[in-house]
Amino acid sequence: MSNIQMVDLKSQYLKIKTQIDREVLDTISSTKYINGPKVHEFSSNLSKYLGCKHVIPCANGTDALQIALMSCNLKPGDEVICPSFTYVATAEVVALLGLKPVMADVDENTFNMCVEHIEPLITSKTKAIVPVHLFGQSTNMEEILILAKKHDLFVIEDNAQAIGSNYKFSNGEIKKTGTIGHIGTTSFFPSKNLGCYGDGGAMFTNDDNLAEKMKMIANHGQNKRYYHKVTGCNSRLDSIQAAILNVKLKYLDQYNSNREKMAKTYDIGFGDVEHLSIPFRSPNSTHVFHQYTLKTSTDYRDKLIKYLTEKEIPAMIYYPVPLYRQEAFSSYVPENFSLDNIEKLCNSVFSLPIHSEKENSQQEKIIEAVRSFFNSI
Ligand SMILES: Cc1ncc(COP(=O)(O)O)c(C=O)c1O
(Lines give C-alpha, C1' and ligand atoms only; values in the text may rest on other atoms or scores of the structure.)
Protein backbone atom coordinates (compact mmCIF):
# COMPACT_ATOMS: atom_id res chain seq x y z
CA MET A 1 0.00 0.00 0.00
CA SER A 2 1.37 3.43 -0.89
CA ASN A 3 1.60 6.24 1.68
CA ILE A 4 -1.73 7.78 2.60
CA GLN A 5 -1.99 11.49 1.77
CA MET A 6 -4.76 14.04 2.23
CA VAL A 7 -4.90 14.40 -1.58
CA ASP A 8 -3.35 12.01 -4.10
CA LEU A 9 -2.27 14.28 -6.96
CA LYS A 10 0.33 11.87 -8.32
CA SER A 11 -2.13 9.05 -9.13
CA GLN A 12 -4.50 11.59 -10.64
CA TYR A 13 -1.75 12.95 -12.89
CA LEU A 14 -0.56 9.51 -13.99
CA LYS A 15 -4.05 8.66 -15.28
CA ILE A 16 -4.07 11.67 -17.61
CA LYS A 17 -0.33 12.02 -18.11
CA THR A 18 -0.32 11.52 -21.89
CA GLN A 19 -2.87 14.29 -22.47
CA ILE A 20 -1.36 16.67 -19.93
CA ASP A 21 2.18 16.24 -21.17
CA ARG A 22 1.11 16.79 -24.77
CA GLU A 23 -0.88 19.92 -23.90
CA VAL A 24 1.94 21.38 -21.83
CA LEU A 25 4.55 20.71 -24.52
CA ASP A 26 2.26 22.13 -27.24
CA THR A 27 1.79 25.27 -25.17
CA ILE A 28 5.52 25.64 -24.64
CA SER A 29 6.28 25.26 -28.32
CA SER A 30 3.47 27.69 -29.23
CA THR A 31 5.34 30.41 -27.21
CA LYS A 32 1.92 31.95 -26.40
CA TYR A 33 2.63 31.94 -22.70
CA ILE A 34 0.55 34.91 -21.59
CA ASN A 35 -3.15 35.26 -22.48
CA GLY A 36 -2.68 32.71 -25.24
CA PRO A 37 -5.45 30.74 -26.96
CA LYS A 38 -5.39 28.10 -24.19
CA VAL A 39 -6.55 30.70 -21.68
CA HIS A 40 -9.48 31.76 -23.89
CA GLU A 41 -10.35 28.13 -24.62
CA PHE A 42 -10.40 27.32 -20.93
CA SER A 43 -12.49 30.32 -20.01
CA SER A 44 -15.01 29.43 -22.69
CA ASN A 45 -15.09 25.74 -21.65
CA LEU A 46 -15.57 26.62 -17.99
CA SER A 47 -18.25 29.12 -18.87
CA LYS A 48 -20.16 26.36 -20.74
CA TYR A 49 -19.67 23.91 -17.89
CA LEU A 50 -20.98 26.38 -15.31
CA GLY A 51 -23.76 27.77 -17.48
CA CYS A 52 -22.40 31.24 -16.74
CA LYS A 53 -21.92 34.02 -19.28
CA HIS A 54 -18.46 35.25 -18.25
CA VAL A 55 -15.49 33.44 -16.78
CA ILE A 56 -12.49 35.69 -16.19
CA PRO A 57 -9.35 33.79 -15.31
CA CYS A 58 -6.79 35.29 -12.92
CA ALA A 59 -3.70 34.35 -10.94
CA ASN A 60 -5.24 32.71 -7.86
CA GLY A 61 -8.38 32.48 -5.72
CA THR A 62 -7.30 35.30 -3.42
CA ASP A 63 -6.88 37.70 -6.34
CA ALA A 64 -10.25 36.55 -7.67
CA LEU A 65 -11.91 37.70 -4.43
CA GLN A 66 -9.95 40.94 -4.44
CA ILE A 67 -10.79 41.78 -8.05
CA ALA A 68 -14.45 40.88 -7.47
CA LEU A 69 -14.62 43.30 -4.55
CA MET A 70 -12.73 45.99 -6.50
CA SER A 71 -15.35 45.82 -9.23
CA CYS A 72 -18.16 46.72 -6.80
CA ASN A 73 -17.14 50.41 -6.36
CA LEU A 74 -16.88 50.18 -2.59
CA LYS A 75 -15.47 53.01 -0.45
CA PRO A 76 -12.97 52.71 2.40
CA GLY A 77 -14.84 51.80 5.57
CA ASP A 78 -17.69 50.07 3.77
CA GLU A 79 -18.63 46.83 5.48
CA VAL A 80 -18.48 43.36 3.97
CA ILE A 81 -20.04 40.46 5.86
CA CYS A 82 -18.16 37.20 5.65
CA PRO A 83 -18.02 34.02 7.70
CA SER A 84 -15.32 33.75 10.32
CA PHE A 85 -14.92 30.01 9.79
CA THR A 86 -13.15 29.89 6.44
CA TYR A 87 -9.73 30.18 4.84
CA VAL A 88 -8.13 33.52 5.65
CA ALA A 89 -8.29 34.81 2.06
CA THR A 90 -12.03 35.51 2.28
CA ALA A 91 -11.63 38.24 4.92
CA GLU A 92 -8.04 39.16 4.12
CA VAL A 93 -8.88 40.80 0.80
CA VAL A 94 -11.66 42.83 2.42
CA ALA A 95 -9.20 44.29 4.93
CA LEU A 96 -6.52 44.75 2.27
CA LEU A 97 -8.88 47.00 0.27
CA GLY A 98 -9.54 49.25 3.28
CA LEU A 99 -13.01 47.79 3.76
CA LYS A 100 -14.24 46.37 7.05
CA PRO A 101 -14.65 42.61 7.32
CA VAL A 102 -17.67 41.94 9.53
CA MET A 103 -17.33 38.54 11.12
CA ALA A 104 -20.39 36.28 10.97
CA ASP A 105 -21.12 32.98 12.66
CA VAL A 106 -21.96 29.84 10.68
CA ASP A 107 -24.40 26.97 11.00
CA GLU A 108 -23.12 24.15 13.19
CA ASN A 109 -24.18 21.47 10.74
CA THR A 110 -23.52 22.88 7.29
CA PHE A 111 -20.50 25.00 8.40
CA ASN A 112 -21.94 27.77 6.20
CA MET A 113 -23.15 31.29 6.99
CA CYS A 114 -26.96 31.68 6.89
CA VAL A 115 -29.31 34.68 6.87
CA GLU A 116 -29.85 34.46 10.62
CA HIS A 117 -26.12 35.09 11.08
CA ILE A 118 -25.99 37.85 8.47
CA GLU A 119 -29.14 39.90 9.03
CA PRO A 120 -28.32 41.21 12.54
CA LEU A 121 -24.95 42.47 11.22
CA ILE A 122 -26.37 44.64 8.45
CA THR A 123 -25.84 48.39 8.96
CA SER A 124 -26.08 51.42 6.67
CA LYS A 125 -22.42 50.78 5.75
CA THR A 126 -22.91 47.19 4.68
CA LYS A 127 -22.32 46.87 0.94
CA ALA A 128 -21.58 43.19 0.28
CA ILE A 129 -21.92 39.65 1.57
CA VAL A 130 -19.34 36.98 0.83
CA PRO A 131 -20.83 33.53 1.44
CA VAL A 132 -18.30 30.68 1.30
CA HIS A 133 -19.49 27.26 0.13
CA LEU A 134 -17.31 25.55 2.67
CA PHE A 135 -15.89 22.07 2.15
CA GLY A 136 -17.90 21.54 -1.05
CA GLN A 137 -21.51 22.26 -0.18
CA SER A 138 -23.57 25.29 -1.11
CA THR A 139 -24.73 27.92 1.33
CA ASN A 140 -28.50 28.50 1.34
CA MET A 141 -28.23 30.98 -1.55
CA GLU A 142 -31.95 31.51 -2.09
CA GLU A 143 -32.38 33.10 1.34
CA ILE A 144 -29.18 35.10 0.95
CA LEU A 145 -30.32 36.51 -2.41
CA ILE A 146 -33.62 37.65 -0.90
CA LEU A 147 -31.83 39.35 1.98
CA ALA A 148 -29.27 40.96 -0.34
CA LYS A 149 -31.98 42.31 -2.61
CA LYS A 150 -33.86 43.78 0.36
CA HIS A 151 -30.74 45.69 1.48
CA ASP A 152 -29.25 46.30 -1.97
CA LEU A 153 -26.05 44.35 -1.28
CA PHE A 154 -23.57 42.68 -3.59
CA VAL A 155 -23.27 38.91 -3.21
CA ILE A 156 -19.85 37.47 -4.00
CA GLU A 157 -19.71 33.70 -3.64
CA ASP A 158 -16.37 32.31 -2.58
CA ASN A 159 -16.59 29.05 -4.48
CA ALA A 160 -12.96 27.97 -4.04
CA GLN A 161 -14.05 24.74 -2.34
CA ALA A 162 -17.23 23.83 -4.20
CA ILE A 163 -16.66 23.95 -7.94
CA GLY A 164 -19.13 21.63 -9.68
CA SER A 165 -21.62 21.64 -6.83
CA ASN A 166 -25.31 22.14 -7.72
CA TYR A 167 -27.67 24.34 -5.74
CA LYS A 168 -31.43 23.71 -5.98
CA PHE A 169 -33.90 26.57 -5.52
CA SER A 170 -37.33 25.93 -3.99
CA ASN A 171 -38.92 26.14 -7.48
CA GLY A 172 -36.70 23.25 -8.63
CA GLU A 173 -34.28 25.43 -10.62
CA ILE A 174 -30.69 24.20 -10.37
CA LYS A 175 -27.61 26.39 -10.65
CA LYS A 176 -23.92 25.74 -10.20
CA THR A 177 -22.43 27.33 -7.10
CA GLY A 178 -20.49 30.45 -7.99
CA THR A 179 -23.03 31.48 -10.64
CA ILE A 180 -25.85 32.48 -8.29
CA GLY A 181 -24.75 35.79 -6.75
CA HIS A 182 -23.48 38.85 -8.62
CA ILE A 183 -20.00 37.33 -8.82
CA GLY A 184 -18.50 33.95 -7.98
CA THR A 185 -14.82 33.29 -7.44
CA THR A 186 -12.69 30.18 -7.39
CA SER A 187 -9.17 28.90 -6.85
CA PHE A 188 -7.34 26.35 -8.99
CA PHE A 189 -4.77 25.61 -6.27
CA PRO A 190 -3.49 22.07 -6.97
CA SER A 191 -5.46 20.35 -4.19
CA LYS A 192 -8.77 21.96 -5.16
CA ASN A 193 -11.45 19.82 -6.86
CA LEU A 194 -10.38 21.46 -10.12
CA GLY A 195 -6.73 22.22 -9.54
CA CYS A 196 -3.89 23.17 -11.86
CA TYR A 197 -0.17 22.49 -11.36
CA GLY A 198 0.64 25.83 -9.80
CA ASP A 199 -1.57 28.80 -8.92
CA GLY A 200 -4.71 29.88 -10.71
CA GLY A 201 -8.14 31.37 -10.10
CA ALA A 202 -11.19 32.85 -11.80
CA MET A 203 -14.21 35.10 -11.41
CA PHE A 204 -17.63 34.20 -12.81
CA THR A 205 -20.54 36.51 -13.56
CA ASN A 206 -23.62 36.87 -15.74
CA ASP A 207 -23.39 40.66 -15.54
CA ASP A 208 -21.73 42.25 -18.59
CA ASN A 209 -20.68 45.42 -16.74
CA LEU A 210 -19.10 43.59 -13.85
CA ALA A 211 -17.34 41.26 -16.29
CA GLU A 212 -15.91 44.20 -18.21
CA LYS A 213 -14.73 45.86 -15.01
CA MET A 214 -13.13 42.71 -13.62
CA LYS A 215 -11.31 42.06 -16.92
CA MET A 216 -10.01 45.59 -16.83
CA ILE A 217 -8.95 45.49 -13.17
CA ALA A 218 -7.11 42.19 -13.64
CA ASN A 219 -5.22 43.80 -16.52
CA HIS A 220 -3.74 46.92 -14.86
CA GLY A 221 -7.04 48.76 -15.16
CA GLN A 222 -6.81 49.03 -18.93
CA ASN A 223 -9.22 47.92 -21.63
CA LYS A 224 -7.09 49.47 -24.33
CA ARG A 225 -3.35 48.99 -24.19
CA TYR A 226 -1.57 51.77 -22.29
CA TYR A 227 -4.86 53.55 -21.48
CA HIS A 228 -5.55 52.96 -17.78
CA LYS A 229 -9.07 53.80 -16.68
CA VAL A 230 -8.87 52.60 -13.09
CA THR A 231 -6.21 51.39 -10.69
CA GLY A 232 -5.94 47.71 -11.32
CA CYS A 233 -3.54 44.89 -10.70
CA ASN A 234 -1.70 42.27 -12.70
CA SER A 235 -3.47 38.96 -12.26
CA ARG A 236 -3.29 36.38 -15.03
CA LEU A 237 -3.79 32.66 -15.39
CA ASP A 238 -0.81 31.53 -17.43
CA SER A 239 -1.27 29.52 -20.61
CA ILE A 240 0.38 26.35 -19.31
CA GLN A 241 -1.98 26.23 -16.33
CA ALA A 242 -4.95 26.91 -18.63
CA ALA A 243 -3.86 24.03 -20.88
CA ILE A 244 -3.74 21.71 -17.85
CA LEU A 245 -7.13 22.94 -16.63
CA ASN A 246 -8.64 22.32 -20.06
CA VAL A 247 -7.77 18.66 -19.74
CA LYS A 248 -8.80 18.38 -16.11
CA LEU A 249 -12.15 20.16 -16.59
CA LYS A 250 -13.30 17.19 -18.72
CA TYR A 251 -12.87 15.01 -15.63
CA LEU A 252 -14.27 17.37 -13.01
CA ASP A 253 -17.64 15.60 -12.66
CA GLN A 254 -15.88 12.26 -12.46
CA TYR A 255 -13.47 13.60 -9.84
CA ASN A 256 -16.34 15.00 -7.80
CA SER A 257 -18.28 11.77 -8.01
CA ASN A 258 -15.19 9.80 -6.89
CA ARG A 259 -14.92 12.12 -3.89
CA GLU A 260 -18.58 11.57 -3.13
CA LYS A 261 -18.12 7.77 -3.31
CA MET A 262 -15.25 8.03 -0.86
CA ALA A 263 -17.45 10.17 1.40
CA LYS A 264 -20.26 7.58 1.30
CA THR A 265 -17.84 4.83 2.28
CA TYR A 266 -16.68 6.94 5.24
CA ASP A 267 -20.32 7.68 6.17
CA ILE A 268 -21.02 3.95 6.35
CA GLY A 269 -17.79 3.30 8.25
CA PHE A 270 -18.44 5.99 10.86
CA GLY A 271 -22.25 6.29 10.97
CA ASP A 272 -22.58 4.17 14.12
CA VAL A 273 -19.53 5.48 15.99
CA GLU A 274 -20.51 7.19 19.23
CA HIS A 275 -18.86 10.59 19.79
CA LEU A 276 -18.44 11.13 16.06
CA SER A 277 -20.69 13.17 13.70
CA ILE A 278 -20.43 12.52 9.99
CA PRO A 279 -20.88 15.46 7.56
CA PHE A 280 -24.40 16.84 7.29
CA ARG A 281 -25.91 16.85 3.79
CA SER A 282 -27.95 19.91 2.85
CA PRO A 283 -31.20 19.05 1.10
CA ASN A 284 -30.72 21.88 -1.41
CA SER A 285 -27.13 21.24 -2.46
CA THR A 286 -25.00 18.47 -3.82
CA HIS A 287 -21.72 17.99 -1.96
CA VAL A 288 -18.45 17.80 -3.87
CA PHE A 289 -16.44 16.99 -0.74
CA HIS A 290 -13.47 19.25 -1.04
CA GLN A 291 -13.03 18.10 2.54
CA TYR A 292 -14.58 15.24 4.49
CA THR A 293 -15.03 16.93 7.85
CA LEU A 294 -16.27 15.19 10.99
CA LYS A 295 -16.97 16.48 14.50
CA THR A 296 -16.03 15.05 17.87
CA SER A 297 -15.06 16.51 21.26
CA THR A 298 -11.79 18.46 21.55
CA ASP A 299 -10.22 15.97 23.87
CA TYR A 300 -10.97 13.00 21.61
CA ARG A 301 -9.97 14.94 18.52
CA ASP A 302 -6.49 15.78 19.65
CA LYS A 303 -5.84 12.24 20.90
CA LEU A 304 -7.29 10.77 17.70
CA ILE A 305 -5.05 12.90 15.48
CA LYS A 306 -2.02 11.78 17.49
CA TYR A 307 -3.16 8.14 17.21
CA LEU A 308 -3.66 8.45 13.44
CA THR A 309 -0.31 10.20 12.98
CA GLU A 310 1.42 7.28 14.70
CA LYS A 311 -0.21 5.01 12.13
CA GLU A 312 0.93 7.34 9.31
CA ILE A 313 -2.62 8.46 8.58
CA PRO A 314 -2.88 12.22 7.96
CA ALA A 315 -5.74 14.25 9.42
CA MET A 316 -6.09 18.02 9.34
CA ILE A 317 -8.01 20.64 11.28
CA TYR A 318 -9.75 23.10 8.98
CA TYR A 319 -9.87 25.55 10.79
CA PRO A 320 -8.32 25.59 14.24
CA VAL A 321 -8.68 29.34 14.95
CA PRO A 322 -11.66 31.59 14.09
CA LEU A 323 -10.71 34.51 11.87
CA TYR A 324 -11.85 36.98 14.54
CA ARG A 325 -9.20 35.55 16.88
CA GLN A 326 -6.37 36.03 14.36
CA GLU A 327 -4.03 38.86 15.24
CA ALA A 328 -4.39 40.28 11.74
CA PHE A 329 -8.09 40.98 12.31
CA SER A 330 -7.90 42.13 15.93
CA SER A 331 -8.74 45.73 15.05
CA TYR A 332 -12.07 44.72 13.51
CA VAL A 333 -13.57 43.06 16.59
CA PRO A 334 -13.94 44.02 20.24
CA GLU A 335 -11.71 42.30 22.77
CA ASN A 336 -12.91 38.81 23.71
CA PHE A 337 -15.27 38.72 20.73
CA SER A 338 -16.57 35.23 20.16
CA LEU A 339 -19.21 33.42 18.08
CA ASP A 340 -20.81 30.35 19.62
CA ASN A 341 -20.96 27.94 16.70
CA ILE A 342 -17.54 28.80 15.35
CA GLU A 343 -16.02 28.35 18.82
CA LYS A 344 -17.53 24.86 18.96
CA LEU A 345 -16.45 24.00 15.42
CA CYS A 346 -12.86 25.10 15.83
CA ASN A 347 -12.69 22.81 18.83
CA SER A 348 -14.36 19.80 17.31
CA VAL A 349 -13.74 19.45 13.55
CA PHE A 350 -11.18 17.34 11.78
CA SER A 351 -10.83 16.27 8.15
CA LEU A 352 -9.71 12.93 6.74
CA PRO A 353 -8.06 12.23 3.37
CA ILE A 354 -10.44 12.63 0.45
CA HIS A 355 -9.65 12.97 -3.24
CA SER A 356 -10.48 11.64 -6.68
CA GLU A 357 -8.21 8.56 -6.53
CA LYS A 358 -9.82 6.33 -3.94
CA GLU A 359 -7.74 3.30 -3.02
CA ASN A 360 -9.91 0.82 -1.11
CA SER A 361 -7.15 -0.62 1.06
CA GLN A 362 -6.10 2.86 2.21
CA GLN A 363 -9.63 3.89 3.03
CA GLU A 364 -10.25 0.63 4.92
CA LYS A 365 -7.10 1.32 6.96
CA ILE A 366 -8.33 4.83 7.82
CA ILE A 367 -11.79 3.64 8.82
CA GLU A 368 -10.41 0.78 10.89
CA ALA A 369 -7.97 3.07 12.70
CA VAL A 370 -10.65 5.66 13.56
CA ARG A 371 -13.05 2.95 14.74
CA SER A 372 -10.43 1.22 16.83
CA PHE A 373 -9.55 4.54 18.49
CA PHE A 374 -13.16 5.14 19.51
CA ASN A 375 -13.63 1.50 20.57
CA SER A 376 -10.70 1.85 22.93
CA ILE A 377 -11.95 4.92 24.85
C1 LIG B 1 -12.46 29.32 0.75
C2 LIG B 1 -11.20 29.77 0.05
N3 LIG B 1 -11.15 31.02 -0.45
C4 LIG B 1 -10.07 31.48 -1.10
C5 LIG B 1 -8.95 30.69 -1.26
C6 LIG B 1 -7.73 31.30 -1.90
O7 LIG B 1 -7.31 30.64 -3.03
P8 LIG B 1 -5.77 30.75 -3.51
O9 LIG B 1 -4.96 29.90 -2.59
O10 LIG B 1 -5.80 30.22 -4.90
O11 LIG B 1 -5.38 32.17 -3.46
C12 LIG B 1 -8.96 29.38 -0.78
C13 LIG B 1 -7.78 28.51 -0.97
O14 LIG B 1 -7.43 27.71 -0.16
C15 LIG B 1 -10.11 28.91 -0.10
O16 LIG B 1 -10.17 27.67 0.38
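The values are calculated or read from the model by the stated rules, or taken from the named source; none is laboratory data. The shown structure was predicted, so the numbers you read here are calculated from the model rather than taken from an experiment. FYI the Cβ positions are ideal-geometry reconstructions off the backbone, even for glycines, and counts take in every protein chain you see.
Within segment 58-76, can you find the residues that are within 12 Å of the ligand (Cβ to nearest atom) and either within 11 Å of Leu210 (Cβ to Cβ) or not polar (S, T, N, Q) (or both)?
Here is the first cut: in segment 58-76, the ones within 12 Å of the ligand (Cβ to nearest atom) are 58-68.
Result: Cys58, Ala59, Gly61, Asp63, Ala64, Leu65, Ile67, Ala68.
Which is under 18 Å from the mean Cα position of the chain (by Cα) and buried (at least 20 other Cβ atoms within 10 Å of the Cβ), of Pro131, Pro190? On inspection, the qualifying residue turns out to be Pro131. Among the residues of segment 216-229, those that are in contact with a Lys or Arg (Cβ under 8 Å, 6 or more places away or on another chain) and either of a type in the set (Gly, Ala, Ser) or surrounded by fewer than 19 Cβ atoms within 10 Å (Cβ to Cβ) (or both) comprise Ala218, Gly221, Gln222, Asn223. Select, from Ile342, Ile278, the only residue that is without any contact (Cβ under 8 Å) to a residue 40 or more places away in the chain, over 30 Å from Asn45 (Cα atoms) and in contact with an Asp or Glu (Cβ under 6 Å, 6 or more places away or on another chain). Answer to the selection: Ile278. Counting only helices (runs of 4 or more DSSP H) that fall entirely inside segment 1-81 and contain at least 2 residues that are in contact (Cβ under 8 Å) with a residue 12 or more places away in the chain and closer than 30 Å to Asp152 by Cα, the qualifying elements are 37-50, 61-70.
Here Cys114 clears all of (1) within 16 Å of the ligand (Cβ to nearest atom); (2) within 30 Å of Ser297 (Cβ to Cβ) except the condition numbered (1). When Asn258 is tested against the conditions (1) assigned by TED's automatic domain parsing to the domain that holds Phe350; (2) in contact (Cβ under 8 Å) with a residue 60 or more places away in the chain; (3) not in a helix (DSSP H, G or I), the lone failure is (3).
Apart from one condition, Glu79 fits all of (1) more than 14 Å from the ligand (Cβ to nearest atom); (2) more than 30 Å from Ser348 (Cβ to Cβ); (3) surrounded by 20 or more Cβ atoms within 10 Å (Cβ to Cβ); (4) among the charged types (D, E, K, R); the exception is (2).
Hey, can you tell me all the residues within segment 177-213 that are of a type in the set (A, V, I, L, M, F, W, C), more than 12 Å from the ligand (Cβ to nearest atom) and either touching a Phe, Trp or Tyr at 6+ places or on another chain (Cβ under 8 Å) or on the phi > 0 side of the Ramachandran plot (or both)? Matches in segment 177-213: Ile180, Ile183.
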